[in-house]
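Report on the following structure.
The values are calculated or read from the model by the stated rules, or taken from the named source; none is laboratory data. As the structure is a prediction and not an experimental result, all values here were calculated from the model. Methodologically, a virtual Cβ is constructed for each residue, glycine included, from the backbone with ideal geometry; neighbour enumeration extends over all protein chains shown. The area values use the complete protein model at the heavy-atom level, side chains included, leaving out ligands, DNA and RNA. Shrake-Rupley method; radii C 1.70, N 1.55, O 1.52, S 1.80 Å.
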Amino acid sequence: MSDLPTLYGYDPSSYVFSVRSLLEEKGADYHRIPVDVIAGEPRSEAHRRLHPFGKVPVFVHGDLRILETAAILRYINDTFEGPSFVPENPVDRARMDMAMGLHDSYGYPAIVRVIGYHRFPAYSGHPTRADVEQELDGLHTLFTELMRNRGDSAFLAGERPSLADFFVAPACFYLELVGESTRFAEIPGFDAWWQRVKTLPGYRASIPDLSEWGERVEA
Ligand SMILES: N[C@@H](CCC(=O)N[C@@H](CS)C(=O)NCC(=O)O)C(=O)O
């Protein structure tokens, strides 16, 4: 399986952002095939042959097709050269998996509503300000729990960055972008962690070009 892998994705997608961050950290070479989420391309018949639920990212390597960002991140971590971002000890691995699971279950759906309110209301079902406040309350609970899980560690699951940091970082990027992140600064440890993550080269190199949204974000 020596062929270059292919990432089907939409750069602004937070999940695709995570995958690109890890590929950058690994220094991996790969093909990119854009699939425009806002234009509805993931739901096309062609894309559904790759992902029956019409989502990105999809990662193809040789005969292997991987769906689900957590699985893609694990595969990239385990298969490509470069440092590992999966902690060796089981306690930190559990903390990493827990952070990723919490973000998937309680973070991502809220992020879509909050960002959608500001940038793509039709795509996210025209949330009201009251909906956004409710989602931000949920995100406050999530980040509080993530910081509790982090404890005194520098990163979400230990002293070194793990898959969890790359998984959660895009959510924080977007909350900051739309001016909804100030309330999280009061959560003990949150800001110190977030400023640390922002220095990671893979994260910085993967900040999406949002010019189609009329935005320009510096790394
Ligand atoms: N559980 C999936 C979620 C993927 C997902 O929700 N992707 C969004 C973009 S961030 C998407 O493709 N949305 C297209 C749509 O719903 O039309 C994963 O971990 O990869």
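For the range 1-86, the strands (runs of 3 or more DSSP E) that sit wholly inside it and include 3 or more residues that are open to solvent by 50 Å² or more (accessible area, probe 1.4 Å) are 31-34. For Glu176, the conditions (1) in contact (Cβ under 8 Å) with a residue 40 or more places away in the chain; (2) in a helix (DSSP H, G or I); (3) surrounded by 15 or more Cβ atoms within 10 Å (Cβ to Cβ) all hold with the exception of (1). Here Glu88 passes the criteria (1) touching a residue at least 12 places away in the same chain (Cβ under 8 Å); (2) more than 13 Å from the ligand (Cβ to nearest atom) except the one numbered (1).
Restricting the search to the range 111-136, which residues are touching a helix residue (DSSP H, G or I) at 6+ places or on another chain (Cβ under 9 Å), away from the ligand (no atom under 15 Å from the Cβ) and in a helix (DSSP H, G or I)? Passing the criteria: Tyr117, His118, Arg129, Asp131, Val132, Gln134, Glu135, Leu136. Only one entry of Asp209, Asp152 meets the criterion of being touching a Pro at 6+ places or on another chain (Cβ under 9 Å) and either part of a loop (DSSP other than H, G, I, E, B) or among the hydroxyl-bearing types (Ser, Thr, Tyr) (or both), and that entry is Asp209.
Residue by residue, here is whether (1) under 22 Å from Val35 (Cα atoms); (2) assigned by TED's automatic domain parsing to the domain that holds Met96; (3) surrounded by fewer than 20 Cβ atoms within 10 Å (Cβ to Cβ) holds:
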residue	(1), (2), (3)
Glu145	no, yes, yes
Ala164	no, yes, no
Ala169	yes, yes, no
Ser206	yes, yes, no
